[in-house]
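Presented below is the structure to which this report refers.
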Amino acid sequence: MKHGRDLHCDIAIIVTTPQSVKTCFRGCIRSFANRGWSVSVVAPEDEAARELVEHEGGSFHALDFDREISPWRDLISLFKLRSVLRELAPEMVLCATPKAGFLGSVAAFMCRVPARVYAQFGLRMETCRGPKRWLTWACERLAISASTVCWCVGESLKNAVIRYGLATANQLVVLGDGTSSGVEFERFAFPDTEKVKQVTPEPQSERSLPWIGFVGRLTKDKGVEDLYAAFCRINEREQKCRLLLVGGFEDGDPVSPFVRQAIENDSRVVVTDFVTDTSLYYPHFQILVLPSFREGFPNVPLEAACAGIPTVGYAATGTVDAILDGETGTVVPLGNVPALAQAIGAYIDDPFLREKHGQAARARAKRDYDPERIWTELYRLFCRLLIEKGISLKPGPTQSDSGQIAA
């Protein structure tokens, strides 16, 4: 490790999937690079992710992770990651997403990286059962124990971590109003109108019917089965809406074959598969629905908010932070399909309520969730941790930020 008086701080960001690089850390790399820090990103190889990292002034280091539990391959990944960290010799490591969070925290501890931040983006154990739940609990506990601090992306997530006995309050921190990365307001509020037209969903008949929207992985823990059940319930007597699913089905935690077949054969439903730019689809929604059973702090409600769209969601960890019930959307009891259908139906039947909550959501997203605000809060946290470790920071254009922490 380098401990010179005018230390140039090196930070390594470790994530499980390239998609996390492109969503959760877009802008973060540039923000830290502009402060004079060297940023290395460790993630599975992906051309778009590599281009983004290098464009923002960082370096990309390819390393594969299995998203699902795989003890032998995970052990191999751990030792490969330890080798990468020994080569990079960073003063700071930020580990995010469950698998990379666990392996990265342990590898950084093994390499004696001075400051280790585990970014808790959501508790996978909340939707696990049996031995898998115990194993994921143990991995979370170890990851937090191996870290200097655990950054929880929302208050409800922080409370859940404490409630499950994974950490004590003094090990945890929430930055600002929560969220992992904020939201690019201009991008989602004012997407390219020509590109929006190009992705107009089929079927294009019955244009007067509103679209219910969903954005994310089409899996069981994202509540896709409940969403489709609520959709069918709403349209039981007469067709009142259509369903646009922006995402693709996954083999991990899959929806039941019966539900998947019903969705794929339903002419009222459009499934886009995975898309590169979700901002083009929000203008087609009238309502966003997020019936997820677990989250950290979901960005999708914030993206919809920028477009002036209210969200209906379950009262799950993370979701309750992203939606202000009765103000920017509606939160219903976890797993209550009739309540979910009723809340969606209320927005379909009341355009004034839909507009009111949508505009309140838009104002909140613009006011509270600017990405640079999140990166500045994260930078100040990092500075505080480094100062506590006795590591000097090289003066940079925003040295006043670290000065505030030291004061």
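Can you pull out every residue in segment 115-135 that is in contact (Cβ under 8 Å) with a residue 40 or more places away in the chain and within 20 Å of the chain's Cα centre (by Cα)?
Those that are in contact (Cβ under 8 Å) with a residue 40 or more places away in the chain and within 20 Å of the chain's Cα centre (by Cα): VAL117, ALA119, GLN120, PHE121, GLY122, LEU123, ARG124, GLU126, THR127.
When segment 82-114 is examined, which residues are found to be among the polar types (S, T, N, Q), in a helix (DSSP H, G or I) and within 22 Å of the chain's Cα centre (by Cα)?
SER105
Can you tell which of ASP251, ASP226 is assigned by the TED database to the domain that holds VAL312 and surrounded by fewer than 18 Cβ atoms within 10 Å (Cβ to Cβ)?
Of ASP251, ASP226, the one residue that is assigned by the TED database to the domain that holds VAL312 and surrounded by fewer than 18 Cβ atoms within 10 Å (Cβ to Cβ) is ASP251.
Of all the residues that make up segment 14-38, how many are aromatic (Phe, Trp, Tyr) and either assigned by the TED database to the domain that holds VAL300 or part of a loop (DSSP other than H, G, I, E, B) (or both)?
2
Of the residues that sit in segment 291-335 and are charged (D, E, K, R) and assigned to a loop (DSSP other than H, G, I, E, B), which one is surrounded by the fewest Cβ atoms within 10 Å (Cβ to Cβ)?
GLU327
So in segment 36-54, with the set limited to residues that are touching a helix residue (DSSP H, G or I) at 6+ places or on another chain (Cβ under 8 Å) and surrounded by fewer than 15 Cβ atoms within 10 Å (Cβ to Cβ), which one is farthest from GLN19 (Cα to Cα)? Lay out the reasoning, then the answer.
The initial filter retains those residues of segment 36-54 that are touching a helix residue (DSSP H, G or I) at 6+ places or on another chain (Cβ under 8 Å), namely 39-46, 48-49, 52-53.
Checking the rest, the ones that are also surrounded by fewer than 15 Cβ atoms within 10 Å (Cβ to Cβ) come to 45, 48.
Numbers: GLU45: 11, ALA48: 9 Å.
Result: GLU45.
Please verify whether LEU245 is in contact with a Pro (Cβ under 7 Å, 6 or more places away or on another chain) and part of a strand (DSSP E or B), treating the condition exactly as stated.
In short, no.
In segment 141-177, how many are in a loop (DSSP other than H, G, I, E, B) and touching a strand residue (DSSP E or B) at 6+ places or on another chain (Cβ under 8 Å)? It would help to see each step written out before you state the result.
Applying the first criterion (in a loop (DSSP other than H, G, I, E, B)) to segment 141-177 yields 146-148, 153-154, 164-168, 175-177.
Filter once more, keeping what is touching a strand residue (DSSP E or B) at 6+ places or on another chain (Cβ under 8 Å): 146-148, 153-154, 167, 175.
Within segment 141-177, residues that are in a loop (DSSP other than H, G, I, E, B) and touching a strand residue (DSSP E or B) at 6+ places or on another chain (Cβ under 8 Å) number 7.
Would you point out which residue out of SER181, SER156, SER208 is of a type in the set (Gly, Ala, Ser) and more than 25 Å from CYS24 (Cα to Cα)?
One residue alone meets the criteria, SER208.
Suppose the filter is assigned to a strand (DSSP E or B), modelled with pLDDT of 90 or more and among the hydrophobic types (A, V, I, L, M, F, W, C); does VAL42 pass it?
The answer is yes for VAL42.
Checking the structure you have, find out if any residue of segment 340-352 is among the polar types (S, T, N, Q), surrounded by 16 or more Cβ atoms within 10 Å (Cβ to Cβ) and in contact (Cβ under 8 Å) with a residue 40 or more places away in the chain.
Checked against the condition, which is being among the polar types (S, T, N, Q), surrounded by 16 or more Cβ atoms within 10 Å (Cβ to Cβ) and in contact (Cβ under 8 Å) with a residue 40 or more places away in the chain, segment 340-352 yields no hits at all.
I'd like to know if segment 224-240 contains one or more residues that are in a helix (DSSP H, G or I) and either without any contact (Cβ under 8 Å) to a residue 12 or more places away in the chain or out of contact with any helix residue (DSSP H, G or I) (no Cβ under 9 Å at 6 or more places or on another chain) (or both).
Yes, segment 224-240 contains at least one residue that is in a helix (DSSP H, G or I) and either without any contact (Cβ under 8 Å) to a residue 12 or more places away in the chain or out of contact with any helix residue (DSSP H, G or I) (no Cβ under 9 Å at 6 or more places or on another chain) (or both).
The values are calculated or read from the model by the stated rules, or taken from the named source; none is laboratory data. Since the structure is predicted, the reported quantities are computational estimates derived from the model, not experimental observations. Don't worry about glycine lacking a Cβ; one is built from the backbone with ideal geometry, like all the others, and counts go over all protein chains shown.
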